[in-house]
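Here the structure is laid out as structure tokens; the discussion comes afterwards.
Every number in this text was worked out from the coordinates using simple rules, so none of it is lab data. These figures come from a predicted structure and were not determined experimentally. Cβ coordinates were reconstructed from backbone atoms using ideal geometry, including for glycine residues, and neighbour counts include every protein chain displayed.
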């Protein structure tokens, strides 16, 4: 139990380029996991430890989340470094699904940026308590006080400063700890030597005022502290306890400062992880008992109970599939049997390893709360493994739908075989990367979350599988919908000797904004027998897979059947399905169908001098400017732009801002395609047919 109490499972999440991977590198160094620090875009050519993929080192970004385990002051910490790019958001989703706590990293200059908001939404979805670390306090324009206010205004966090800076920008020397009321400096080439001194005289008034704010904010989580605070007798231990209570209740976000790149503030952040973030004992988890109609079962983080674990990430390496597991209850030992509840089969644990980026350490036993990996186990992401053949399942994670697709074509037979292997592997590893063969063109189509997402996978196919590929134009995931209400009355009759087919259905087809498809039965008097009502729904659903306007799925449709006729002999499940299909096709064009396109939420950050150029570039792409935030030197422009218009935007943006701007985008909604473009799409589809 003490081992589980001294365990932390944390994720490091943030907007692109906020310093997540650099921060993780410093943590590894101070925990003596590595002996030298490397940089994300290192001149030594080594790259950061957690960016183990060649593409990550080349591009200076994190593509796949990486796990490691460190020990800090007798506390075992499993750390998962996650990507910042929204294209790889599934990596963040599955990390947060299994973590107990998180560090939300924010840039002292950029503050709360677009991807910070997305990450915060994910933290809230999974109920993950978190600390905030304001990084890059040494950069020009750094303002941690402004960022702390943004945490409150934009994300709704009850943010409380635990430290204040000693100087900022190029004068950033260290921090003042508001609980111990000491100035802390980080000496030595790697910031290894921590030196505590008295607070500089000029900072004493501000430190005293900020400490009062801190104690006042956290005293609501501890009655004893509230009483002692009024008497001026509060102790550091009482404050630590109150902050921990607030964090675990997700009603308080302690804010820490530093600069990972300059090796300042990281050790105190590690102390905070141990002090404030939950252990597996502090977190409540549930499973579903599949034998009892998915009845909820509370899990207990105890080693001597039957094992329950979740496979949250898969990797196919040169030695076979690597399956990352989070153990929620019980233990996993080398050689023991586990039961896969989805596949309903047993597996034997062969190699059990603890991961350190792309390196691994063999272990014999993993305890409750641990994050480990198994070798050579065939399973899917999201599978539940239990001991003693318990038929339990953990909840699945949220998987966003892909919004962009590409046609890929191999140049030779060898590449064709290798492409099949690559696609099988990547679709197993990443639920947001999908593939299928188009029935009409016989082309292989890959689908993903954005240009960068697909670009990375295409590059990996070429490098890792030696696939020679031709890549088609990006294809947007359009949708079709209807705009008017229409009535239908359709009879399906087929007589060809022997038993015939007969079914008649009547009702209303109308648009709805509440769901992709709704079905309602308003028939009376048994005109359609009860057993054939689901057949009608099944028939209508079949029609939605591929519309007849441009061949994309149909959404926003409500069908109500209010009348019908059946035959005692000739009516059947198939007859009513065919009647529904015939009815839908007969009236679809009368309902005035329209084409919908994915609209992206685009956030551009640019030096203010280029603001006009960025406005112009977004307007040319049918963009709608939603808001503009202007700081001293930088502007952030939020807009909604159709995905079709965003292809190649990164190149255009670099050109008009001298390479000084960056942008992120994520799916926002589906919007109506303008008439002229709609006509062109229909003509193109008819030509292909």
Residue 487 versus residue 235: modelled label distance in nm, points set 7 Å from Cα along the beta carbon direction
8.1
Between the helical axis of 236-248 and the dominant principal axis of the chain, each derived from Cα atoms, what acute angle in degrees is found, rounded to the nearest 10?
10
Where in the stretch 153-183 does the amide nitrogen come within less than 20 Å of the point 7 Å from the Cα of residue 206, taken along Cα to Cβ?
159-183
First check a/c for the stretch 484-591, with a ≥ b ≥ c the square roots of the eigenvalues of its C-alpha gyration tensor; if it is under 1.5, answer rounded, and if not, answer prolate when a/b is larger than b/c or oblate otherwise.
prolate
Debye log10 I(q)/I(0) at q = 0.07, 0.08, 0.09 Å⁻¹ for the chain, Cα point scatterers:
-0.58, -0.74, -0.92
Given a Förster radius of 60 Å and the C-beta distance between residue 569 and residue 391 as r, what FRET efficiency does 1/(1 + (r/R0)^6) yield to the nearest 0.05?
0.90
Can you give the FRET efficiency for residue 542 and residue 353, using 1/(1 + (r/R0)^6), R0 = 41 Å, r = Cβ-Cβ distance, to the nearest 0.05?
0.35
Which part of the stretch 366-389 falls in the paramagnetic zone of residue 345, meaning amide N under 20 Å from the point 7 Å along Cα-to-beta-carbon?
374-389
By how many nm would the segment from residue 289 to residue 271 lengthen if fully extended, with 0.36 nm per residue of separation less the alpha-carbon distance?
2.6 nm
Tilt relative to the chain, helix 20-30 - C-alpha long axis, 0 to 90 degrees, to 10
40
To the nearest 0.05, how large is the calculated FRET efficiency for residue 421 and residue 684 if R₀ is 25 Å and r is the Cβ-Cβ distance?
0.15
Mind giving me the nanometre distance, one decimal, between the label points for residue 407 and residue 629, set 7 Å out from Cα along Cα→Cβ?
4.2
Summing -39500 (n - 2.57) over the DSSP H runs of n ≥ 4 in the chain and dividing by its residue number, what mean residue ellipticity at 222 nm do you reach, to the nearest 500 deg cm²/dmol?
-8500 deg cm²/dmol
Prolate/oblate/rounded call for the stretch 285-393, Cα gyration tensor, a/c under 1.5 rounded:
prolate
Taking a ≥ b ≥ c as the square roots of the eigenvalues of the Cα gyration tensor, with a/c under 1.5 meaning rounded and otherwise prolate when a/b exceeds b/c and oblate if not, the stretch 595-686 is prolate
Quick one: if you stick a label point 7 Å off each Cα along the C-beta vector at residue 562 and residue 140, how many nm between them?
7.0
Against the longest principal axis of the chain, how steep is helix 89-98, in degrees 0 to 90 to the nearest 10, with axes from Cα atoms?
70
